[in-house]
Amino acid sequence: MVLLPILTVVIVALLAPSLGSLWSGTLVLMAAMPTSATAYVLSQQEDADPRIVSSMIAVSSIVGVATIPLALSWFVL
């Protein structure tokens, strides 16, 4: 959740430097988002371990409370 927004900024800067700040900021914000709850449903459908997936969702949501504002302040605003 820290590395992906940074990687997104680098890729946008290298591949699409003329991309507007709204679009590049949206890409960085999307990269900073936590794991979707859809992953839990998919883990049940694919006979994976839903306990691990639910732990990943919980941890990424908790960490997202800190990383999303950081990504916004460093790369978007």
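The values are calculated or read from the model by the stated rules, or taken from the named source; none is laboratory data. Please read all numbers here as calculations on a predicted model, not as lab measurements. FYI the Cβ positions are ideal-geometry reconstructions off the backbone, even for glycines, and counts take in every protein chain you see.
Numbers below:
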| quantity | calculated |
| --- | --- |
| Criterion violated by Val12 - all others in (1) loosely packed, with under 12 Cβ neighbours inside 10 Å; (2) at pLDDT below 95 satisfied | (1) |
| Members of the stretch 21-33 that are surrounded by 17 or more Cβ atoms within 10 Å (Cβ to Cβ), in a helix (DSSP H, G or I) and under 12 Å from the mean Cα position of the chain (by Cα) | Leu27, Val28, Ala31 |
| Only listed residue being assigned to a helix (DSSP H, G or I), polar (S, T, N, Q) and surrounded by fewer than 13 Cβ atoms within 10 Å (Cβ to Cβ), chosen from Ser73, Ser60, Ser36, Ser54 | Ser73 |
